[in-house]
Every structure is written in structure tokens, then in C-alpha cells.
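I have placed the structure first, in the form of C-alpha cells, so that the comments after it can refer back to it.
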Amino acid sequence: MKQVLLNVWYLYLVCVCQVWDRQQLQKAGCAAIFEPASSLYYQVEGQEGDTGNVAGLGTGHVDAHETWVTVERLQQGLCGGSRPHFFRGVATVVTKLFHIVEPDVAVFGQKDYQQWRLICRMVRDLDFPIKVLGMPIAREPDGLAMSSRNARLSPESRKAALSISAALNWAMDAVMERKVTQPKRIVEEVKQQITAAGGQVDYVELRDADNLQPITDLSQQRTLLAVATWFPAKGKGTVRLIDNTVLEPLKE
């Protein structure tokens, strides 16, 4: 039986594949795209097309979608701090996607590190017969983590956003060379570097790279250093960027 490989490029609550996504998938040798017209939501009886899709209880519709998948602990903190209901939606949509497509392998980018770990735990807990892989962060030649959001940055912000990867690289070098070993100092310095470049920090956190629990030192485990920050967009508004790196445990 031919193996089914599900590569999750982007995860929208409305899973509509855009032109850019199709182009990238074609370049990667993708054989098929799953693009449901109903966006993975339930159809309301008597209504046709996307107008019949009712996603959540907030609509007030009697037939609203009211079943959710929640990964209780891993959804907390990091991106879940400022987006408290986001990962409930992610887990629910991915569960529905897995049920429909029935992949053998699902590939998630590690730039969305919390999402990747959350899906791994969900697959384990719900006994999905799926192997979940994490792909390393793809970066631009100058080090900025690749994202469709980068195109929305102003030229000044695009340059300033390099402070994110620069700060992460500083932390890796500082820990590896034992110049800085206190978690609090690492967090403060990374925040300072990004803020000095004009970024508005959402969070800078150190977590256990496997279970995402807060850490108190860097010697006992692989440690995730995760960052989320806003930079000015072209015209009005801001662009939220995320990035991360994993620090290896300090050796005696």
C-alpha cells in the first residue's frame, strides 16, 4: 500500500490552499492537494456552500460546532499566553484532517515548535497510527526564519527583524561557551536585543524542549528558547514573527 505523507505547510482554521502554497507544493513534487470546499467544518442542514459552515458556539447557531480537542497543558504559555484559544482550534482541525486523510506520516515545521509538540502529544494520547515528524526551521540567506508574513514587513522592519535570529545565535554561543548560564540573564538579554532593534516583544521564554515545562537551569535538559515579537508592517499595523532554537544541556 502506498504510503500517504501529509505535509502541513500552513494551518488555517479555514484550510484553503492559496496560489503561493500551490506553487511551493508543486516545486516540492507534491502529487495531490487536499482542499475541501467546506473548510473541514460541518454543513448546516438546509444550507449549501460556505455559508452553511458554522465553526463555533460564538455564532449562536443551534447547529454550531461544539466539539473540541484540547491538549490541556501543552497549549498553555508561549503562543498560548496571548492566544488562549488558538491551540484548541489547531488540535481540532488537525484531528479532523487526520480522520479524513488518514496519513501515515505528518510533517510539521519546528518554527511553530509549540504546535509541533502539541500535535505529537495529541497523536500519542488519541492513538493515531501516524508518525509525526518535525522539520528544521528554513531560513533566508540572512538568517530570518522563512514566513509568508515576512513580505508584509516594511524595508526597515525587515532589516530590524534580523535581531531575532541574531539574539538566538548570541544565546547559543553564550551558553555553549559558558559566558552566560543563568536562564534569567539569557531571557533579559534576548529581549533587550530585539527591543533595541524596534521590536515589541510578546514573549521570550525558556522551556524544556520535550515537554515545554518551565526550566530553572540549563544543565539537566535540552532547552527551547522561543521568541514571539511584533514589528511594524508596510503601511499600518504590525507583523507578528516567531522563532526559536534549542540549547543543548551544559556539560560538566
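The values are calculated or read from the model by the stated rules, or taken from the named source; none is laboratory data. No experiment lies behind these values; they were computed from the predicted model shown. Every residue, glycine as well, gets a Cβ built from its backbone with ideal geometry; the counts of neighbours run over all protein chains shown. Each accessible area value is taken on the protein alone, full model and side chains, heavy atoms only, with ligands, DNA and RNA left out. Shrake-Rupley method; radii C 1.70, N 1.55, O 1.52, S 1.80 Å.
Under 9 Å between Cβ atoms, at least 6 apart or on separate chains: pull out the pairs that start in the stretch 22-34 with a residue that is open to solvent by less than 80 Å² (accessible area, probe 1.4 Å) and end on any residue that is part of a helix (DSSP H, G or I) and basic (Lys, Arg).
Close Cβ pairs satisfying both conditions: Cys30/Arg22; Ile33/Arg22.
So, in the stretch 212-252, how many residues would count as being free of Cβ contacts under 8 Å to residues at least 24 places away in the same chain and within 12 Å of Gln114 (Cβ to Cβ)?
Counting residues in the stretch 212-252 that are free of Cβ contacts under 8 Å to residues at least 24 places away in the same chain and within 12 Å of Gln114 (Cβ to Cβ) gives 0.
Is it the case, given these coordinates, that Ala196 is at negative phi and open to solvent by less than 40 Å² (accessible area, probe 1.4 Å)?
In short, no.
Before we move on, is Ala174 surrounded by 13 or more Cβ atoms within 10 Å (Cβ to Cβ), without any contact (Cβ under 8 Å) to a residue 24 or more places away in the chain and not acidic (Asp, Glu)?
Yes; evaluated as a whole, the condition is true for this residue.
Mind checking which residues of the stretch 53-86 are modelled with pLDDT under 80 and either at positive phi or open to solvent by less than 70 Å² (accessible area, probe 1.4 Å) (or both)?
Asn53, Val54, Ala55, Gly56, Gly60, His61, Ala64, His65
Under the condition of being in contact (Cβ under 8 Å) with a residue 60 or more places away in the chain and assigned to a helix (DSSP H, G or I), which residue from the stretch 63-97 is farthest from Leu225 (Cα to Cα)?
Leu97
Restricting to the stretch 229-252, and then to whatever is modelled with pLDDT of 95 or more and closer than 14 Å to Asp173 by Cα, can you tell me which residue is surrounded by the fewest Cβ atoms within 10 Å (Cβ to Cβ)?
Val246
Given the options Ala167, Ala151, name the one that is small (Gly, Ala, Ser) and surrounded by 15 or more Cβ atoms within 10 Å (Cβ to Cβ).
So the residue among Ala167, Ala151 that is small (Gly, Ala, Ser) and surrounded by 15 or more Cβ atoms within 10 Å (Cβ to Cβ) is Ala167.
Check the stretch 140-148 and report whether any residue there is open to solvent by less than 70 Å² (accessible area, probe 1.4 Å), modelled with pLDDT under 95 and under 24 Å from Gln76 (Cα atoms).
Within the stretch 140-148, one or more residues are open to solvent by less than 70 Å² (accessible area, probe 1.4 Å), modelled with pLDDT under 95 and under 24 Å from Gln76 (Cα atoms).
Which of the residues spanning the stretch 195-242 are more than 20 Å from the chain's Cα centre (by Cα) and of a type in the set (Asp, Glu)?
Asp217
Tell me yes or no: at least one residue of the stretch 109-120 is over 14 Å from the mean Cα position of the chain (by Cα) and either in contact (Cβ under 8 Å) with a residue 24 or more places away in the chain or more than 30 Å from Val69 (Cα to Cα) (or both).
Scanning the stretch 109-120 turns up no residue that is over 14 Å from the mean Cα position of the chain (by Cα) and either in contact (Cβ under 8 Å) with a residue 24 or more places away in the chain or more than 30 Å from Val69 (Cα to Cα) (or both).
Just for the stretch 207-217: of the residues that are hydrophobic (A, V, I, L, M, F, W, C) and touching a strand residue (DSSP E or B) at 6+ places or on another chain (Cβ under 6 Å), which one is surrounded by the fewest Cβ atoms within 10 Å (Cβ to Cβ)?
Ile215
For Arg124, all conditions in the list (1) closer than 25 Å to Trp20 by Cα; (2) assigned to a helix (DSSP H, G or I) hold save one; what is the number of the exception?
(1)
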